[in-house]
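The values are calculated or read from the model by the stated rules, or taken from the named source; none is laboratory data. Since the structure is predicted, the reported quantities are computational estimates derived from the model, not experimental observations. Virtual Cβ from ideal backbone geometry, glycine too; neighbours counted across all protein chains shown. We work out accessible area using only protein heavy atoms, side chains counted, and drop any ligands, DNA or RNA first. Shrake-Rupley method; radii C 1.70, N 1.55, O 1.52, S 1.80 Å.
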Amino acid sequence: MNLERYISELQSKGRYFFLREEAVSVLGCSNEAFKLAAIRLKAKHRLCNIRGGFWTIVPHEYFSWGILPPSWFIDKLMGYLENSYYVGLLSAAALYGAAHQQPQQFQVMVSEPVRPIIRGRVNIKFFKNSLVSKVTIKKWQTETGYMNVSTPEVTAIDLVKFYRKAGHLSNVATVLAELKEKLNINEFIKVATPGLYEWPILQRLGYLLSLENVGGREFSAPIQELISQHTPRFVPLVNQDSYENTKKDLNWRLYINEEIELDL
């Protein structure tokens, strides 16, 4: 059996990834022989090396991409890297129908740092998040199995926590205006707490949800109650060097140093 036949058999069984060590063992070849065969198939757009010994098989419909969509292999890749993860931020919002525009990156939260992966049309960005193993995730069905995805509630909070990764705060507010339709109030109350997230994140989240154009006051109300009870310190809506002379919002204990404009 040669490498081309090997990957054809895997693909016929609905499997689109393999490990180098596994292929070398099955084929009974040397690492050098595998490398030469893999280079030939990679040139034909049949294979793509994602990282280390992790390879994906590219079906005909994705030859022009030179790689599979990340959802086809992200779960197996993170298992190979032994790294806890979930698909989050704008990528998760898009799955819930709440991304205003198709994300330019496939955004993944990880427990340990991972370098970006850029292959063909695919750009996977990883963001270290200490809460990866602590928050609730969903098992999202994909073409090849499942992948971990943040719940709508965790997605909403992460978008505020990592707002610069979502473009800017106005873009976050635009996404929240659509994502709020997927939020469950009971689940939201469980996760939107100072036990999990720092006060500035909750203050900014509550403020954005309370905006009339966002229309999420049902969800901002429990955060407002927490703030009234604990009176956290005043923080800027957007982190900047100078903000003390800007308008204060006494309800959210924020310096409103940026105007939020939704793009709906």
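Taking the range 92-125 as the range and being closer than 21 Å to Tyr16 by Cβ and open to solvent by less than 30 Å² (accessible area, probe 1.4 Å) as the test, the residues that pass are Val108, Val114, Ile117, Val122, Ile124.
Show me the strands (runs of 3 or more DSSP E) entirely contained within the range 1-57 in which 1 or more residues are charged (D, E, K, R) and either open to solvent by 30 Å² or more (accessible area, probe 1.4 Å) or out of contact with any Leu (no Cβ under 8 Å at 6 or more places or on another chain) (or both).
47-51
For the range 184-199, check the following and say yes or no: at least one residue is out of contact with any strand residue (DSSP E or B) (no Cβ under 6 Å at 6 or more places or on another chain) and closer than 17 Å to Leu90 by Cβ. Checked against the condition, which is being out of contact with any strand residue (DSSP E or B) (no Cβ under 6 Å at 6 or more places or on another chain) and closer than 17 Å to Leu90 by Cβ, the range 184-199 yields no hits at all.
Here the range 71-90 is the region considered, the condition is being crowded, with 24+ Cβ neighbours inside 10 Å and of a type outside the set (A, V, I, L, M), and the residue that is farthest from Ser150 (Cα to Cα) is Phe73.
Here Tyr146, Tyr255, Tyr243, Tyr197 are screened, and the one residue that is among the aromatic types (Phe, Trp, Tyr) and open to solvent by 80 Å² or more (accessible area, probe 1.4 Å) is Tyr146.
Residues of the range 127-139 being open to solvent by 20 Å² or more (accessible area, probe 1.4 Å) and either small (Gly, Ala, Ser) or under 13 Å from the mean Cα position of the chain (by Cα) (or both), which ones? Within the range 127-139, Phe127, Lys128, Ser130, Ser133, Ile137, Lys138 meet the criteria.
State whether the residues of the range 99-106 include one that is among the aliphatic types (A, V, I, L, M), out of contact with any His (no Cβ under 8 Å at 6 or more places or on another chain), under 25 Å from Leu264 (Cβ atoms) and in a loop (DSSP other than H, G, I, E, B). Checking the range 99-106: at least one residue is among the aliphatic types (A, V, I, L, M), out of contact with any His (no Cβ under 8 Å at 6 or more places or on another chain), under 25 Å from Leu264 (Cβ atoms) and in a loop (DSSP other than H, G, I, E, B). Residues satisfying the criterion are absent from the range 230-245 (criterion: in contact with a Gly (Cβ under 7 Å, 6 or more places away or on another chain), at pLDDT 95 or above and over 22 Å from Lys165 (Cα atoms)).
Select from the range 164-177 the residues that are within 15 Å of Ser91 (Cβ to Cβ) and open to solvent by 10 Å² or more (accessible area, probe 1.4 Å) and list them in ascending order. The answer is Lys165, Gly167, Asn171.
Within the range 215-233, residues that are farther than 14 Å from Gly195 by Cα have Cβ atoms under 7 Å from residues that are of a type in the set (Val, Ile, Thr) in these pairs: Glu218/Ile185; Phe219/Ile185; Pro222/Ile189, counting only partners at least 6 apart in sequence or on another chain.
Somewhere in the range 178-188, is a residue of a type outside the set (A, V, I, L, M), in contact with a Ser or Thr (Cβ under 8 Å, 6 or more places away or on another chain) and either in a helix (DSSP H, G or I) or open to solvent by less than 20 Å² (accessible area, probe 1.4 Å) (or both)? Steps first, please.
The initial filter retains those residues of the range 178-188 that are of a type outside the set (A, V, I, L, M), namely 178, 180-182, 184, 186-188.
Adding the requirement that they be in contact with a Ser or Thr (Cβ under 8 Å, 6 or more places away or on another chain) leaves 187.
Still in the list and also either in a helix (DSSP H, G or I) or open to solvent by less than 20 Å² (accessible area, probe 1.4 Å) (or both): 187.
Yes, there is a match, as at least one residue in the range 178-188 is of a type outside the set (A, V, I, L, M), in contact with a Ser or Thr (Cβ under 8 Å, 6 or more places away or on another chain) and either in a helix (DSSP H, G or I) or open to solvent by less than 20 Å² (accessible area, probe 1.4 Å) (or both).
Pairing each residue of the range 75-96 that is of a type in the set (Ser, Thr, Tyr) with any residue that is surrounded by 20 or more Cβ atoms within 10 Å (Cβ to Cβ) and assigned to a loop (DSSP other than H, G, I, E, B), provided the two are 6+ apart or on different chains, yields C-beta distances under 6 Å for Ser84/Val132.
Only one of the numbered conditions (1) part of a helix (DSSP H, G or I); (2) open to solvent by 50 Å² or more (accessible area, probe 1.4 Å) is violated by Pro222, and that is (2). Pick from Thr155, Thr144: which is of a type in the set (Ser, Thr, Tyr), under 30 Å from Arg20 (Cα atoms) and touching a Gly at 6+ places or on another chain (Cβ under 9 Å)? Just a single option satisfies the conditions, and that option is Thr144.
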